[in-house]
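Enquirer: Here you go, one structure.
The values are calculated or read from the model by the stated rules, or taken from the named source; none is laboratory data. Not measured: the values here are computed from a predicted model. Cβ placement follows ideal geometry from the backbone for every residue including glycine, while neighbour counts extend to all protein chains displayed.
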Amino acid sequence: MSPSNTIAFQHTTLDNKHEGKCNLVLVALGGNLKGQMDSPIAHIDAAVAEISSADLGLCAISRYWRTPAFPPGSGPDFVNAAVACNTSRSPSDILSRLHRIEEKAGRDREARWAPRVIDLDLLAVGDQVLPDVAGYEAWRNLSLAEQQTRAPETLILPHPRLQDRAFVLVPLADIAPDWHHPVLNKTVAQMLADLPADDLRQIAPVSREIHGSLPLDGLSCGPHRSKDGA
C-alpha cells in the first residue's frame, strides 16, 4: 500500500518558534531488514502510516531512496525517506511518539549503527537548538570513533549528523530544500551541495512520487486528536 493511499494531510502554518507554537518538524526514516514484513519498504510504509495517526500533523513525504549501509559493509542496503510535520508538541513528546512507533515495529537498540527494521530520527523542530548551542556543537564535533561508541543522554537538535549524511539530505531535499539550519546557517539544498560527489553515486530513488506539500496557507495548528486524549 502506498503512502498516498493512507495519509490525510493536515495543512498548517510554518512557524519556527518554540513549543506552544506550530513548528516544522523533520523526521528521517530508514531500514534495511525485513523484520516481520516483506521488505524495508513495507516497514517505511507502516511507519509513515503510524506517524500519520500519531497526531503530529504529517504534511509531506519524500520519495523512497536506496542507499548503501553506513558504515560501509555493515549490512544490506537501506531504504531511506523523510517526512515533514507541523505540530505544537514539544520535542520530547515528538521523540517519545517516534520511539513508540519503532518499538511497535520491533526495533532493537542493542548496538549503534547496526542493521535495523526501522529507524526514526528526529532531525529538527523548528529552529530549536537543544540542549543549547554549546551542547549541540560538542556532539557535532565528535570524532567518528566517538560517534560509534557514545550516545547522548539528552535530545540533541538539530540532529548533529544531519549535514554529513547523504542518506538524510537527499530525501530531505525532496520535501524541505529551503529549511534553514539554525546553527550552520545553511539550507538543506546548500548542505547537500556541500557533500562530496562520491557520497551520492550509489543513492537511487525507489519511488518516484513526493506526497503532500509544505503548507503555506496561513492556517494555525489545529487541536490535537491523539488516541490517548493528550
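Enquirer: Which residue pairs have Cβ atoms under 9 Å apart, sit 6 or more places apart or on different chains, and have a first residue in the stretch 137-164 that is farther than 15 Å from residue 125 by Cα and of a type in the set (A, V, I, L, M, F, W, C) and a second that is assigned to a helix (DSSP H, G or I) and modelled with pLDDT under 90?
Expert: Filtered contacts from the stretch 137-164: 139/147.
Enquirer: Continuing with the same structure: Of everything in the stretch 33-63, what is in a loop (DSSP other than H, G, I, E, B) and either crowded, with 24+ Cβ neighbours inside 10 Å or hydrophobic (A, V, I, L, M, F, W, C) (or both)? Give them in sequence order.
Expert: 33, 37, 54, 56, 57, 62, listed by residue number.
Enquirer: What residue, of 207, 226, 213, is hydroxyl-bearing (Ser, Thr, Tyr), at pLDDT below 95, in contact with a strand residue (DSSP E or B) (Cβ under 7 Å, 6 or more places away or on another chain) and closer than 25 Å to residue 45 by Cα?
Expert: It is 213.
Enquirer: With respect to residue 173, determine if the residue is within 29 Å of residue 50 (Cα to Cα), touching a helix residue (DSSP H, G or I) at 6+ places or on another chain (Cβ under 6 Å), among the aliphatic types (A, V, I, L, M) and at pLDDT 95 or above.
Expert: yes
Enquirer: Taking the stretch 23-55 as the search range and keeping residues that are modelled with pLDDT under 90 and charged (D, E, K, R), which one is nearest to the chain's Cα centre (by Cα)?
Expert: 34
Enquirer: I need the full set of residues from the stretch 187-205 which are part of a loop (DSSP other than H, G, I, E, B) and surrounded by fewer than 16 Cβ atoms within 10 Å (Cβ to Cβ), in order please.
Expert: 195, 196, 200, 201, 202
Enquirer: Please verify whether the stretch 109-116 includes one or more residues that are surrounded by fewer than 20 Cβ atoms within 10 Å (Cβ to Cβ), under 23 Å from residue 47 (Cα atoms) and at pLDDT 95 or above.
Expert: no
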